[in-house]
Each structure stands twice: as C-alpha cells, then as structure tokens.
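Worksheet: the structure to be examined is printed underneath.
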Amino acid sequence: MNPENVDAPRGGAAGESRPEGKAITMAMIAKAAGVSQGAISSLLNDRDYGIRVSAKTRERVFRVCREMGYIPNDLRAVVRMYPEQGEFALLVSQDMGMENPFADALSKALLRQIPVHHLSLAWYDPALDYAAHPGDLPEPLKTGVASKFITLGTPNGSLFSAIVAREAPGVHIGQEAGVAGYTSIVPEYARASRQAVDALLALGHHRIAILSGPFGSTDPVIIELNYGVRAAYDALKIPIEAQNVIYGNPTFEHGVASADLLLERPQKPTAVFCFSPLAAAGVLHRAQARGLHVPEDLSVIAFGEADFCPLLHPPLATVSLSAEETARKTIEDLSARIRAQDTASTRRITLPCALAERNSLARPKEH
C-alpha cells in the first residue's frame, strides 16, 4: 500500500494559515514540519511503513497540523492530534470486576463529573503480558478513540507501558502503578484501618474481631490495612487476640460464615471491623438472624463505601476513600497532563479516607 494514498487530508478549520480555497495536502504538512510525506502518513495513520519517527518529530508534526487546522479523516488520528477530544476509558482488572462496590461507585462518579466526553468501560487481565499479546489489549486501546486512561485494580505493568507508549496520560487508582510516566492515586490504607479500630476502642470495645483478607495475601492493600490495625493496638499497648482475626475473601458469604464462627464462642466479640462492606453486610445479616441487635449487642464497621451501606438496617459505618473526590482528582490530573502535553512525568497522589459514623456503632453493654 502506498502511504501517500492513505487517509488523504481534507480542509482544516476556519482561519488557518493557507491559501484560500485550497485543501491542506500532506506535501504542505511535510514541508512545514520538515519531514517526508511517508513520515506524515505513518504518524497520522498509526502504521509502520518502516519509517522511524522520534517523539520530538512526532510532536512537531502534530503541532504543525494543529496550527494549520488540519483535521484527519481517521478518528484515531484526530484523537492522537487533539487528545482533549478523545474519550475517557476506565479499565478494571478482571479480579476486581464492576460488582466491586468501589468500582461501581467510581464509574458513576466519573460519569457525573465528565462534562461532555464519553466514558468507555473495559476489563483487563492483571496477569497477561500485553507486550507479548498486543491483540488482547482492551478495546479502548485497540480502537484508538480514547486518549485518557483510568485503571483500577491489580496493576499490570505491560498494560500501563502500552498506554504510555501511545503518549496518552494514565492514572492508576488504588496502588502504585510502578511504571514511569503514569500517575498513581493511593489511599492512606493504614491510616484508614487505624481510624476504624480507634473508633471502636474509643467507644470502649476491647473484644474486636477483624475480618481481614485471604490468609498470607501479598496484596499491598491488605498488608497496609493489617498494618493499620496493629498500629492502633500497639498505640494502646493492647494485644490482638489471634483467634478473633478471621481470614477470607471480601464477600457477603465470608461475612455470614465468620459471624457464625465468632458468635458461637463463649467470649463473643462486641465489635467487628471488616475489610470490605460486602463482608460487613454478611455479618449484619447473620447477627440479626441469630437474634442479636446491632449495635446494642454488636458494633460493625467496614473499610470501603458502597451504595447499599446507608440503606442497611442499621446503616453501616464505614471508613473509605470518597469515589467523588477520587474521580475529581483523576480527571484533574488527566486534564492537566493533556493541557501541558505531559505524558512523561511520574506522579503520586495520596488521598485520605473519611469516617462515616452511622448507626451500626455504639458503646458495648458491659462498658
């Protein structure tokens, strides 16, 4: 295929610097940018014609195209040249899924705050090497219509590197991305779990059960949450009762099973801190089914917010990252990178979590 016959240019925007009535040609762009017409076609069509084009040359070509008001026929080329016009894309790791309460809340918050652009949703495999399998990249990357990427869940360095290679800004939420040129938005997990335990200790609870993550988990989020729990106990020089730490997946079923286990003991806990709102909902359900009153007989608090938390009976107390604030910070960072044409700097944004003291907390009867 002759690259000069691909994606023939058409007229640009009004007021551009060109002879009246004449369409912009690749020859005109090539002359103004000081490169070959083949290089122009390779850049605009995102195809490899055996022509090596440096990042500096690419930016010069795109700047000339913007100054001349050139609008390509190919939507992908439009997005590369005018990234502010591209879509936002939310990519969620498959091990998290949109059924995760925070993923659901974040997607809704993003939709509320994105003014006119569309939001694409797609999955990614956290374990797949996308450098070796580029054909399996999420659709927003393959179609080329997204220019601002938000990733959530377990980090995948090969995916983030593919986004950076497109010179598109990317933000990973929840953990360190670990890739140069990417932004990481990281909640203060240890401080959040300490807030939850401190709230229970301040009410007079000492028999506190902890519904942690899977045993031996290397997930940095679980590690940080566990660290915060220990810090809260260490500050008061109170030992953690190992039998009251229950490990498992962050599910409703885990909460139900854990409640059965804990409430069969002679020394029942007076409070439970769960690492997920789903597990906390399971604890609430099972405790009430066994005839206990929450919070009079058992206080319950969770890390993480979900739409159902205020709707439970009683409403569930949580300590969590605000989905609205996270969405706002994410859009701010992506928009700032687009304006500054900055797709190379590595950033880290730390966000605090907030305690929502709802009606699932009370002082223990014995206090």
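Numbers for the structure displayed
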quantity: Index of the failed condition, S345 passing every other in (1) touching a residue at least 40 places away in the same chain (Cβ under 8 Å); (2) small (G, A, S); (3) not in a loop (DSSP other than H, G, I, E, B); calculated: (3)
quantity: Search result, residues across region 285-313 that are among the hydrophobic types (A, V, I, L, M, F, W, C), over 22 Å from P214 (Cβ atoms) and in contact (Cβ under 8 Å) with a residue 24 or more places away in the chain; calculated: A287, L292, V294, L298, F308, C309, L312
quantity: Residue match in region 356-367 (condition: part of a helix (DSSP H, G or I), over 30 Å from L111 (Cα atoms) and in contact with a helix residue (DSSP H, G or I) (Cβ under 7 Å, 6 or more places away or on another chain)); calculated: no
quantity: Residue, modelled with the highest pLDDT, within region 130-144, restricted to residues that are touching a Phe, Trp or Tyr at 6+ places or on another chain (Cβ under 9 Å) and aliphatic (A, V, I, L, M); calculated: L137
quantity: So A103, is it more than 30 Å from E59 (Cβ to Cβ) and either modelled with pLDDT under 95 or part of a loop (DSSP other than H, G, I, E, B) (or both); calculated: yes
quantity: Unique residue being free of Cβ contacts under 8 Å to residues at least 24 places away in the same chain, surrounded by 17 or more Cβ atoms within 10 Å (Cβ to Cβ) and not small (G, A, S) when the list is H172, H133; calculated: H172
quantity: Sole exception among (1) buried (at least 17 other Cβ atoms within 10 Å of the Cβ); (2) modelled with pLDDT of 95 or more for L261, by number; calculated: (1)
quantity: Residue that is farthest from L159 (Cα to Cα), among those in region 101-139 that are touching a helix residue (DSSP H, G or I) at 6+ places or on another chain (Cβ under 6 Å) and among the polar types (S, T, N, Q); calculated: Q113
quantity: Flag for R348 being modelled with pLDDT of 90 or more, closer than 22 Å to E188 by Cα and exposed (fewer than 14 other Cβ atoms within 10 Å of the Cβ); calculated: yes
quantity: Given (1) closer than 22 Å to L361 by Cβ; (2) more than 25 Å from the chain's Cα centre (by Cα), index of the condition F252 fails; calculated: (2)
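Results for (1) among the hydroxyl-bearing types (S, T, Y); (2) modelled with pLDDT of 95 or more; (3) surrounded by 14 or more Cβ atoms within 10 Å (Cβ to Cβ); (4) under 30 Å from A162 (Cα atoms), shown as yes or no for each residue.
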| position | (1), (2), (3), (4) |
| --- | --- |
| A280 | no, yes, yes, no |
| P295 | no, yes, yes, no |
| I301 | no, yes, yes, no |
| L321 | no, no, yes, yes |
| A327 | no, yes, yes, yes |
| Q341 | no, no, no, yes |
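Quick grid of which residues meet (1) among the small types (G, A, S); (2) in contact with a strand residue (DSSP E or B) (Cβ under 8 Å, 6 or more places away or on another chain):
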{"residue": "G304", "(1), (2)": "yes, yes"}
{"residue": "D307", "(1), (2)": "no, no"}
{"residue": "A317", "(1), (2)": "yes, yes"}
{"residue": "R328", "(1), (2)": "no, no"}
{"residue": "Q341", "(1), (2)": "no, no"}
{"residue": "T350", "(1), (2)": "no, yes"}
{"residue": "A354", "(1), (2)": "yes, yes"}
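The values are calculated or read from the model by the stated rules, or taken from the named source; none is laboratory data. This one's a predicted model, so the numbers in the text were calculated from it and none came from an experiment. Because the Cβ atoms are built from the backbone with ideal geometry, glycine has one as well, and the counts that use them run over all protein chains shown.
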